[in-house]
Amino acid sequence: MQKTLRSKIPSYNHYPMEELTPQQQISAEDIQLFNKEFLPLLDSAYNFAFRLTLDEDDAKDLVQDTFLKAFRFIHSFQKGTNAKAWLFRILKNSFINDYRKKVKEPAKVDYQEVEAIYNSEEAEAGNNITTDLRVEVLQDMIGDEVANALNSLAVDFRTVIILCDIEGFTYEEMAKILDIPIGTVRSRLHRARNILKEKLENYVKRH
Amino acid sequence: MSTEQSRLQRKPLPECEECIKILQSYLDHETTPEENALVERCLQICSVCREFYEYNKTLIEMVKRLRKTCPEQLAAEIRNKILALQTC
Ligand SMILES: [Zn+2]
């Protein structure tokens with residue numbers, strides 16, 4: 001299994017920023033670039049938007065806003081760099097600025113605290129294996145159960161799982177999209193998967 | 001495999017702690033060649049790490065299947081809006 005996205009990531013200042021003004025006239029070359037590189041990302045963008053907002057209407061609005069914004073700012077996209085990472089960063093920023101307040105969070109988490117605890121736990125990682133881990137039990141679960149468990153994670157935790165496990169971004173790409181250090185991506189992702197496992201195991205125990 | 005062998009293989013090895021620590025990064029292809037070698041050595045001989053590996057791998061595969069696709073109507077709306085911006 002190989003990661004599909006290994007192309008160069010632009011530095012932060014090449015992503016569209018709020019202070020930039022949209023280009024009035026978009027060149028034919030940029031239009032072609034947008035149609036070729038960005039429009040095929042509609043499915044991925046919708047999937048990410050839905051998992052962030054957990055609401056179909058909000059996800060639709062967020063995807064639409066993201067694509068219109070990306071089109072208006074296409075001149076600031078560096079050709080040859082990772083179009084998907086660029087688009088996802090716009091989507092993530094739009095979500096934080098315009099939608100996050102609306103979303104009812106399943107759990108409030110102090111991430112720095114959680115990550116600090118997790119990093120100290122990671123040092124004693126040998127203790128992390130429990131006898132509850134059974135592949136067969138996991139395989140018996142239906143998609144809805146996994147989806148419910150995933151949706152019940154705090155948004156920052158489900159974000160890293162979506163970006164890595166569904167969209168195939170590397171840790172470096174995720175760090176750029178989320179504006180966090182790679183070490184934080186790693187610990188947040190590992191923690192998120194461990195919480196997801198706990199939720200699924202608790203579900204099995206209850207049923 | 002004898003009971004004796006399987007029992008011995010469940011006993012944590014000195015490498016297990018490190019193996020478990022980097023296993024998720026290994027599954028994400030984010031480990032160095034040296035780390036890959038350590039994990040692969042451990043997975044060959046330790047059933048505890050193997051179980052942990054299989055469980056994480058299955059979980060990731062199940063999450064991967066949750067992908068949603070963009071509703072056709074939305075995709076068409078966005079394409080039309082972009083087209084309108086392109087032609088104005
Ligand atoms: Zn082991």
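No value in this document is a laboratory result; all are computed from the given coordinates. Given the structure is predicted, the values throughout are model-derived calculations rather than measurements. As a convention, Cβ positions derive from the backbone with ideal geometry for all residues, glycine included, and neighbour counts pool all protein chains shown.
Observations on the structure shown:
- The alpha-carbon atoms of segment B:3-86 define a convex hull whose volume equals 120 cubic angstrom per residue.
- A full extension of the chain between A:N97 and A:I180 corresponds to an added length of 28.2 nm, given 0.36 nm per residue minus the alpha carbon distance.
- Whole-percent pair-distance distribution, where bins are 5 Å wide, for the alpha carbons of segment A:133-206: 3, 16, 26, 22, 15, 10, 6, 1
- Cβ-defined net charge surrounding B:P33, 13 Å radius [Lys, Arg +1; Asp, Glu -1]: -3
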